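One structure below.
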Amino acid sequence: GQAIPRTSRFQSLLSVSLLFALLLLAGLSAQTSAAARAETAARRFLGQSGVPYNAPPSACATLIGQFGTWAGNCQDVADAVRTTAMNLQPLPNFNLDAPLCPGLDQGWAVDDGRFDTCSRTTPVDLVQVYLPIGLRNSGWQTIVSEGFEDTWPTAGWTRTDPGYDEYYWGQRNCRAATGSNSAWAMGAGALGSELACGANYINAAYAWMIYGPFSLTDATEAQLQMAYWLNALAGDGVCQMASINGLNFSGTCLSGSTGGEFNPTPMMFDLTNVPTLGNLAGQSKVWIAVVFNANSADVTAEGAYVDDLLLRRCDAGCTPASGETSSPSGVTSYPLSLTVPDGLAPQQR
């Protein structure tokens with residue numbers, strides 16, 4: 001439970017990696033006296049001056065026969081060191097400074113990992129740790145959630161049409177899946193804001209709402225899902241799309257009618273399987289768009305509303321994605337690639 005002297009970032013990483021491996025592999029609880037003694041011994045070894053960068057296997061060897069540690073544990077540590085290339089000489093000019101506990105001359109911390117605390121009194125939840133140490137979120141993490149009940153658009157959103165700002169997505173109280181409001185494809189703009197609920201959508205409508213950029217670095221799964229109401233003629237439809245440059249988008253569109261109600265199952269867009277673009281997991285900059293695109297010569301009432309939009313990612317421990325896997329009766333699905341109209345990419349607006 002005592003603080004240890006200031007060490008380099010690399011020594012801190014070695015210390016945490018070794019301690020974590022020993023405590024787990026030996027099956028020791030962090031609350032047992034045996035675990036505390038093992039921790040003290042390991043820290044004493046790694047606190048020595050001149051300890052090599054590939055020290056964990058050697059440190060483990062000094063504990064064989066103590067605190068329930070056996071040779072197989074140390075082989076596991078050695079395997080982990082080789083797998084993560086910690087047995088190799090560090091690159092030149094790496095950062096030697098480990099962040100310190102605020103206001104203290106002693107103690108240690110490893111970046112944002114918070115594997116330990118300065119006082120050693122605050123419990124730390126168990127997390128999945130990789131060597132060299134790193135943390136991953138578990139389960140689905142929300143990037144943005146929008147029910148269109150409060151002021152919209154909020155930060156990160158861009159709305160546009162072919163450049164005339166006449167008809168585009170707007171927050172309206174005409175229809176809603178939940179609450180009072182949703183986004184209507186014709187609901188805003190110089191002319192769209194004057195439309196009464198139930199009005200026809202316009203011919204050649206091209207309404208965009210775009211969110212981004214956001215990061216999918218380290219993600220293994222990502223999806224966009226939303227409730228939708230649809231009444232569009234063949235060739236017209238609502239689309240969920242994605243881009244990695246904020247200009248060229250690809251995705252899936254739905255055309256037809258949901259029978260005067262919001263479809264009971266959300267429209268789900270898998271960002272690991274985007275038409276044309278493929279798997280976007282791992283991309284550092286991603287944009288999503290919801291587009292209402294009307295190509296037919298004729299028009300009909302209203303077009304499309306969307307509500308309860310959820311954009312989320314998962315790094316590990318993902319439960320199966322929920323949402324529509326096939327088009328409901330009266331609705332057809334088709335892939336489409338589009339370019340943001342008039343070059344008005346979101347980062348330019």
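One table, with the values for the structure above:
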{"quantity": "Hey, T258 under 23 Å from P335 (Cα atoms) and buried (at least 19 other Cβ atoms within 10 Å of the Cβ) or not", "calculated": "yes"}
{"quantity": "Residue that is farthest from the chain's Cα centre (by Cα) [pool: residues in segment 132-169 that are modelled with pLDDT of 95 or more, surrounded by 15 or more Cβ atoms within 10 Å (Cβ to Cβ) and of a type outside the set (F, W, Y)]", "calculated": "E149"}
{"quantity": "Filtered residue count, segment 149-202, keeping only those that are closer than 18 Å to V340 by Cα, touching a residue at least 60 places away in the same chain (Cβ under 8 Å) and not aromatic (F, W, Y)", "calculated": "7"}
{"quantity": "Qualifying positions in segment 288-302 - over 31 Å from the mean Cα position of the chain (by Cα) and in a strand (DSSP E or B)", "calculated": "A301"}
{"quantity": "Positions within segment 170-186 being surrounded by 17 or more Cβ atoms within 10 Å (Cβ to Cβ) and not polar (S, T, N, Q), in sequence order", "calculated": "G170, R172, C174, R175, A176, A177, A183, W184, A185, M186"}
{"quantity": "Criterion: of a type in the set (G, A, S), farther than 16 Å from D161 by Cβ, touching a Ser or Thr at 6+ places or on another chain (Cβ under 9 Å) and at pLDDT 95 or above - qualifying residue of G278, G330, G317", "calculated": "G278"}
{"quantity": "Test result for D236, crowded, with 22+ Cβ neighbours inside 10 Å, over 17 Å from E146 (Cβ atoms) and modelled with pLDDT under 95", "calculated": "yes"}
{"quantity": "Single unsatisfied condition, P213 versus (1) touching a Gly at 6+ places or on another chain (Cβ under 9 Å); (2) closer than 27 Å to E302 by Cα; (3) not aromatic (F, W, Y)", "calculated": "(2)"}
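The values are calculated or read from the model by the stated rules, or taken from the named source; none is laboratory data. Given the structure is predicted, the values throughout are model-derived calculations rather than measurements. Note that we place each Cβ from the backbone using ideal geometry, even for glycine, and neighbour counts take in every protein chain shown.
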